[in-house]
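The values are calculated or read from the model by the stated rules, or taken from the named source; none is laboratory data. Here the structure is a predicted model, which means the values were calculated and not measured. Ideal geometry is used to build each Cβ from the backbone, glycine not excepted, and the neighbour counts take in all protein chains shown. Remember, those area values only see protein heavy atoms, side chains included, never the ligands or the DNA or RNA. Shrake-Rupley method; radii C 1.70, N 1.55, O 1.52, S 1.80 Å.
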Amino acid sequence: TNSTMATTKSSSSNDTPAAASPSSPLPDVTEVTIHPLVLLSATDHYHRVARGTRKRAVGVLLGSSSRGAVDATNSFAVPFEEDSKNSEVFYLDHNYLENMLAMFRKVHAKERVVGFYSTGPQIRSNDLRIFDLVKRFVPAGGGTPPQFLFFF
């Protein structure tokens, strides 16, 4: 039911700027719904790998998007490490990501990559690089840019 889902709505199209490609502009995202399973999975991921440390948990959001509405119904954790001495260096396991997406497509054929999540006390510069990487897995003509869900 909607009462158990986290939903955010933008009151104005100026609140959420859309990323535009040279060939066709993407619509503004006006509504994002995060299902409880996503919140539970991301919280579990954080408690398993990052609780009590300076590490972050990063994962992929799956679901659907249409006409400015994003519905994140599922997610999975992705192996991720950052160099503690050089914040510009990080490791995100591309092979694992691709294999998990292939397995999820076999079970949930309609779910697509709609974004990613990250945990930590603040947003970091690497989040933009992760965003660019995740954007490659968003289907062409998906209707909306990938979303970034941040837990702190």
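Residue selection: residue 29 fails the criterion of being within 17 Å of the chain's Cα centre (by Cα), of a type in the set (A, V, I, L, M) and modelled with pLDDT of 90 or more. Scanning the range 83-102 for residues that are among the basic types (Lys, Arg) and surrounded by 10 or more Cβ atoms within 10 Å (Cβ to Cβ) yields a total of 0. For beta carbons closer than 7 Å, sequence separation of 6+ or different chains, a first residue in the range 67-92 that is on the phi > 0 side of the Ramachandran plot and a second that is in a strand (DSSP E or B), the qualifying pairs are 68/31.
Residues in the range 72-90 that are within 19 Å of residue 149 (Cα to Cα) and either out of contact with any helix residue (DSSP H, G or I) (no Cβ under 9 Å at 6 or more places or on another chain) or of a type in the set (D, E, K, R) (or both): 81, 82. Counting only residues that are open to solvent by 40 Å² or more (accessible area, probe 1.4 Å), assigned to a strand (DSSP E or B) and under 21 Å from residue 101 (Cβ atoms), the range 30-64 holds 1 of them. The C-beta contact set for the range 123-148 (first residue closer than 12 Å to residue 113 by Cα and at pLDDT 80 or above, second residue of a type in the set (A, V, I, L, M) and not in a strand (DSSP E or B), distance under 6 angstrom, 6+ apart or interchain) comprises 146/134; 146/138. Within the range 103-152, if we keep just the residues that are assigned to a loop (DSSP other than H, G, I, E, B) and open to solvent by less than 40 Å² (accessible area, probe 1.4 Å), the residue that is nearest to residue 83 (Cα to Cα) turns out to be 120.
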